[in-house]
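This report concerns only the one structure given below.
The values are calculated or read from the model by the stated rules, or taken from the named source; none is laboratory data. Remember, it's a predicted structure, so these values are computed and weren't measured experimentally. Heads up, the Cβs are rebuilt from the backbone with ideal geometry, glycines too, and the neighbour counts pull from every protein chain shown.
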Amino acid sequence: MIQFDHFYTYEEIGAVVRALADAHPALCRAGAIGRTRQGRDIHLLTLTDFDSGGPAERPAYLIHGGIHAHEPASTHGPLYTADRLLAEHRPGGLLSRVVLYLIPRLCPDASEFCVATTARIRSRTDFDNRAPNTIYAADIDGDGAILTIRQEHPDGAYVCDPEEPRLLIDRRPTSPGPFYRVFPEGLIDDWDGSDDIRIGGLHAFYPGSPELHAGRSFDFNRNWSHDWRHEGEQQGAGDYPFSEPEMRSLAEFIFKQPKLCGILGYHCGSASIIRPPAWGPREDLDAGDDALLEEIAQEGAKAIDSPAVAISDPTGADRRGTGKRGHALGFAYHQLGVPGFEVELGTIVNAAGVSPHEWHERARDMDQVDAIYRRLLRWWDDGGRRHRVFEPWRRFDHPQLGPVELGGLLFTAIDNPLVPALEPMVEGAYRFTRSFAERHPRVRAEAAGVTAVGGAVYRIRARIANRGRLPTNITNIGKGLPRMQPVRVSLVPADRVELLSARGHLDLGHLRALTGSRIVEWFVRAPGAPAGAEIGVIRVLGGTGGDSRVALVRP
């Protein structure tokens, strides 16, 4: 059902979501977590075996994509996962034990703009509050794409690559001219004719040139509540935690899921599995949790044949001052107490033969990055230029700047993997998703029995056990978080059955993985109850390990 020949539009995502729900009504339901700033639904798929239990009773996992608008291929991750889980489900399988919530695209507004025009927007650009002398991306030549403007200028920061003249590279002290200044295709708002032209809403893509920034650029993956910092400290953070309606809807949805055991986000950076911490060194994490996160991350790295890395730089000089604030992985671990990971599906350079390991080794060396883009263009040429990767530079009379050239690398192609080559990566990521979701607590009542004591009195005993691969507190940090509900067990006597024990409700706390259990016991009086009659129900509220009920009958 999932197509690997193009980036999905908003309408196509909605059609796939509805088709999956229609094809598997007992396992899949379509919905939305809320609406975007422009009024679009934020699509949601809920996957579980509805015939054997409700989603609120089961351990839960959240899978999301498209938090960055210029990474539309990330949407293939959740959609492919949903399609495969539904197709492969068998009674008693994963969907009979857990519920997976899948959000294909978190910022559909800006993604639509990127898919339609090849432009770059991180998550949202503020086009409503424009700054003067600022160029905003727009398709001014009407060809359906937003390209790059290059214009000769003595202060230009770029020159043509002497080895590959189609490419622009950073200007060096010894570089011969001509020199070029570079802007996204667009118009300059309220221009006074000066050379002080800034770029609106593209801060994330010009981190080394703050003098060019203007307007606002929002990064939804800096808008989470844990360790949030204002824009003076963390670019793209927004006005306050969850200030963006899409992120606020996501937060409200997450906090309604007390059984959430893990979060997995899809992105399109250099192919890898990203693990916490989001900020600072790994030594800041609980040692046991760090070991768990590393074990799961290495499992993911093996599945996608790419490195597992932390966001923060463990080799930096300031080991406590690196990383990203207000990030999904910090939120998942510190605020929810659950493992969170990101799958980076790679970029088009992987299709050109650059391995994920090679890209990670070279990413900080601009000379090597230039060499990689030369390889990309050679691959594109050798393949007959089948995919839209580069537009030859052509002369254009800009209505404000005068003679310029339009062309260059197409950013939506550059920032994403080649869609026809994407399936092996999302297949590996799907395997990782399954193994990740299989790591869940599983609380149940074992050996529940009723024994006659005499005089219509009966003893009820059971072992409440966690046979899952995670403790009910999920992580060590989770033990101190109120959202991690302890295991609670209640005996609900049947009509005309009297509870003799002092307490019908028992708080068992958290249960460790695999071997954690408690014996529970009650005494009841059931006068006149015939053999085989129900005398009560053990109700298990297993926290993240799931809820269950066991009916008790008189022997």
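Can you tell me which residue among Arg444, Arg488, Arg459 is of a type in the set (D, E, K, R), without any contact (Cβ under 8 Å) to a residue 60 or more places away in the chain, part of a strand (DSSP E or B) and closer than 30 Å to Ala533 by Cβ? So that I can check it myself, show each step before the final result.
Working: Arg444 fails: without any contact (Cβ under 8 Å) to a residue 60 or more places away in the chain; Arg459 fails: without any contact (Cβ under 8 Å) to a residue 60 or more places away in the chain.
On inspection, the qualifying residue turns out to be Arg488.
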Segment 170-194, residues that are more than 20 Å from Ala119 (Cβ to Cβ), outside any loop (DSSP other than H, G, I, E, B) and basic (Lys, Arg): none
Matching residues in segment 17-46 - criterion: being over 19 Å from the mean Cα position of the chain (by Cα) and in contact (Cβ under 8 Å) with a residue 60 or more places away in the chain: Leu20, Ala23, His24, Leu27, Arg37, Gln38, Arg40
Given (1) without any contact (Cβ under 8 Å) to a residue 60 or more places away in the chain; (2) under 20 Å from the mean Cα position of the chain (by Cα); (3) surrounded by 17 or more Cβ atoms within 10 Å (Cβ to Cβ), index of the condition Asp49 fails: (2)
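In segment 210-224, is there at least one residue being on the phi > 0 side of the Ramachandran plot, in a loop (DSSP other than H, G, I, E, B) and touching a strand residue (DSSP E or B) at 6+ places or on another chain (Cβ under 7 Å)? Give the steps one after another, and end with the answer.
Start the filter on segment 210-224 by keeping residues that are on the phi > 0 side of the Ramachandran plot, which leaves 215.
Next cut, in a loop (DSSP other than H, G, I, E, B) only: 215.
With touching a strand residue (DSSP E or B) at 6+ places or on another chain (Cβ under 7 Å) added as a condition, the list becomes 215.
Looking for residues that are on the phi > 0 side of the Ramachandran plot, in a loop (DSSP other than H, G, I, E, B) and touching a strand residue (DSSP E or B) at 6+ places or on another chain (Cβ under 7 Å), one finds at least one in segment 210-224, hence yes.
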Any hit, segment 70-79, residues being more than 30 Å from Ala214 (Cβ to Cβ), hydrophobic (A, V, I, L, M, F, W, C), under 15 Å from the mean Cα position of the chain (by Cα) and not assigned by TED's automatic domain parsing to the domain that holds Pro178: yes
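When the residues of segment 121-157 are narrowed to those that are β-branched (Val, Ile, Thr), in a loop (DSSP other than H, G, I, E, B) and surrounded by 18 or more Cβ atoms within 10 Å (Cβ to Cβ), which ends up nearest to the chain's Cα centre (by Cα)?
So in segment 121-157, the residues β-branched (Val, Ile, Thr) come out as 121, 125, 134-135, 140, 146, 148-149.
Remaining after also requiring in a loop (DSSP other than H, G, I, E, B): 121, 140, 146.
Those left that are additionally surrounded by 18 or more Cβ atoms within 10 Å (Cβ to Cβ): 121, 146.
Numbers: Ile121: 17, Ile146: 27 Å.
Filtering segment 121-157 for residues that are β-branched (Val, Ile, Thr), in a loop (DSSP other than H, G, I, E, B) and surrounded by 18 or more Cβ atoms within 10 Å (Cβ to Cβ), the one nearest to the chain's Cα centre (by Cα) comes out as Ile121.
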Candidate set: segment 299-313, residues that are among the acidic types (Asp, Glu) and farther than 19 Å from Glu438 by Cα; chosen: the one modelled with the lowest pLDDT: Asp313
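Can you tell me which residue among Ile263, Ile273, Ile296 is aliphatic (A, V, I, L, M), under 16 Å from Ser435 (Cα atoms), surrounded by fewer than 23 Cβ atoms within 10 Å (Cβ to Cβ) and at pLDDT 95 or above?
Numbers: Ile263 fails: surrounded by fewer than 23 Cβ atoms within 10 Å (Cβ to Cβ); Ile273 fails: surrounded by fewer than 23 Cβ atoms within 10 Å (Cβ to Cβ).
Selected residue: Ile296, the only one of Ile263, Ile273, Ile296 that is aliphatic (A, V, I, L, M), under 16 Å from Ser435 (Cα atoms), surrounded by fewer than 23 Cβ atoms within 10 Å (Cβ to Cβ) and at pLDDT 95 or above.
Taking Ile197 as the residue in question, decide whether it is over 30 Å from Ala301 (Cβ atoms), surrounded by 16 or more Cβ atoms within 10 Å (Cβ to Cβ) and touching a strand residue (DSSP E or B) at 6+ places or on another chain (Cβ under 9 Å). Walk me through how you get there before you give the answer.
On the way: over 30 Å from Ala301 (Cβ atoms): yes; surrounded by 16 or more Cβ atoms within 10 Å (Cβ to Cβ): yes; touching a strand residue (DSSP E or B) at 6+ places or on another chain (Cβ under 9 Å): yes.
Answer is yes for this residue.
Free of Cβ contacts under 8 Å to residues at least 60 places away in the same chain, in contact with a Lys or Arg (Cβ under 8 Å, 6 or more places away or on another chain), outside the structural domain of Cys261 (by TED's automatic domain parsing) and of a type in the set (Lys, Arg), is that true of Arg469? Outline the logic, then answer.
Numbers: free of Cβ contacts under 8 Å to residues at least 60 places away in the same chain: yes; in contact with a Lys or Arg (Cβ under 8 Å, 6 or more places away or on another chain): yes; outside the structural domain of Cys261 (by TED's automatic domain parsing): yes; of a type in the set (Lys, Arg): yes.
For Arg469, the condition - free of Cβ contacts under 8 Å to residues at least 60 places away in the same chain, in contact with a Lys or Arg (Cβ under 8 Å, 6 or more places away or on another chain), outside the structural domain of Cys261 (by TED's automatic domain parsing) and of a type in the set (Lys, Arg) - is met.
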Conditions (1) more than 30 Å from Gly66 (Cα to Cα); (2) surrounded by 15 or more Cβ atoms within 10 Å (Cβ to Cβ); (3) modelled with pLDDT under 95; (4) not charged (D, E, K, R): number failed by Ala214: (1)
Residues that are part of a loop (DSSP other than H, G, I, E, B) and at pLDDT 95 or above, drawn from segment 534-555: Gly542, Gly546
Single condition Ala287 does not satisfy, out of (1) among the hydrophobic types (A, V, I, L, M, F, W, C); (2) within 21 Å of the chain's Cα centre (by Cα); (3) within 30 Å of Leu541 (Cα to Cα): (2)
In segment 491-533, the residues that are assigned to a strand (DSSP E or B), under 37 Å from the mean Cα position of the chain (by Cα) and touching a residue at least 60 places away in the same chain (Cβ under 8 Å): Ser517
